[in-house]
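Below is one structure, written out as structure tokens; the observations come after it.
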Amino acid sequence: MITTNNLTKKFGDFVAVDNLSISVKEGEILCLLGANGAGKSTTINMLLNFIKPTSGTAEINGMDVVKNPLKTKEFVTYIPENLMLYPSLTAIENLDYFSGIAGKKLSSKTLTDFLREAGLQETAFKKRISTFSKGMRQKVGIALALAKDTKVLLLDEPTSGLDPKASNEFGELLQNLKNKGVAVLMATHDLFRAKEVATHIGIMKDGQLRQQFVASDISLPELEKAYLDTMNYKEVLP
Ligand SMILES: Nc1ncnc2c1ncn2[C@@H]1O[C@H](COP(=O)(O)OP(=O)(O)OP(=O)(O)O)[C@@H](O)[C@H]1O
Ligand SMILES: [Mg+2]
């Protein structure tokens, strides 16, 4: 479970994240939309404890990430736009290495089972990551989430640059994790994919959460209109 309470990040005088309070429960997928610079990645980076909040708190499974940096990381898998894997190692070797860091010692059969469940083609298991497409690397990331038995998945534009089929497959893998009770927070610019996979959708602007929807309550055209209205909205000063 993911929670932020009045989470705020300032860089000098600039407020990148402004009193953000969100909650993602087990089996929920919250997609955060918002223009470049809206504060989505900064929010995710605070949940990962990569950067410290100026005020407010970020919690994973009810624990403050600043106070419990190691414990909270155990529950989290992070998949950024370009997942860092070892290019000269194979898919199985990477999964073995990174699940090992997460404290799991898994047999090669179990590792291959996770790669299979993540939808990676069998012929790629023993190939070096340097030969992989982006979609294939993202699948290794999903396999790692499965291998870690992750509770929380943080995704920063994971489908940008994926072809429509790979993006669709990625969405299906997220549904699988959701059905296992994983709490998923995904920053994306892809309204279509957000509508497809999310249980909840938030629209951020200037570090603030301006709109929030239950995904099933809103159609794709309505979501696009809400997004554009939010971006075009100008505060009228008295
Ligand atoms: N380390 C930093 N120092 C100064 N300003 C920063 C820093 N990191 C982020 N910012 C600023 O904070 C704002 C929010 O950035 P952030 O990366 O969170 O946006 P985003 O919503 O992820 O955008 P994008 O859609 O482009 O990925 C931006 O204006 C950015 O320039
Ligand atoms: Mg970003």
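Laboratory data are not the source of any read-out in this text; all were calculated from the coordinates shown. None of these values were measured; they are calculated from a predicted model. Every residue, glycine as well, gets a Cβ built from its backbone with ideal geometry; the counts of neighbours run over all protein chains shown.
Would you mention how many residues in segment 23-50 are buried (at least 17 other Cβ atoms within 10 Å of the Cβ), within 16 Å of ligand 2 (Cβ to nearest atom) and under 23 Å from residue 67 (Cα atoms)?
Within segment 23-50, residues that are buried (at least 17 other Cβ atoms within 10 Å of the Cβ), within 16 Å of ligand 2 (Cβ to nearest atom) and under 23 Å from residue 67 (Cα atoms) number 10.
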Residue match in segment 97-113 (condition: of a type in the set (Lys, Arg) and under 30 Å from residue 21 (Cα atoms)): no
Search result, residues across segment 19-72 that are polar (S, T, N, Q), under 12 Å from residue 9 (Cβ atoms) and part of a helix (DSSP H, G or I): 41, 42, 43, 45
All strands (runs of 3 or more DSSP E) inside segment 178-238 with 2 or more residues being within 21 Å of residue 160 (Cβ to Cβ): 183-187, 200-205
Residues located in segment 193-218, provided they are in contact with a helix residue (DSSP H, G or I) (Cβ under 8 Å, 6 or more places away or on another chain), polar (S, T, N, Q) and free of Cβ contacts under 8 Å to residues at least 40 places away in the same chain: 211
Subset of segment 163-192 [within 16 Å of ligand 2 (Cβ to nearest atom) and either without any contact (Cβ under 8 Å) to a residue 40 or more places away in the chain or among the hydroxyl-bearing types (Ser, Thr, Tyr) (or both)]: 188, 190
Boolean, residue 184 is of a type in the set (Val, Ile, Thr) and loosely packed, with under 15 Cβ neighbours inside 10 Å: no
Residue in segment 76-96 that is surrounded by 15 or more Cβ atoms within 10 Å (Cβ to Cβ), of a type in the set (Phe, Trp, Tyr) and farther than 29 Å from residue 12 by Cβ present: no
Every pair of residues 6+ apart whose Cβ atoms lie under 9 Å, when the first sits in segment 104-133 and is surrounded by fewer than 15 Cβ atoms within 10 Å (Cβ to Cβ) while the second is among the β-branched types (Val, Ile, Thr): 108/92; 122/112; 126/90; 126/92
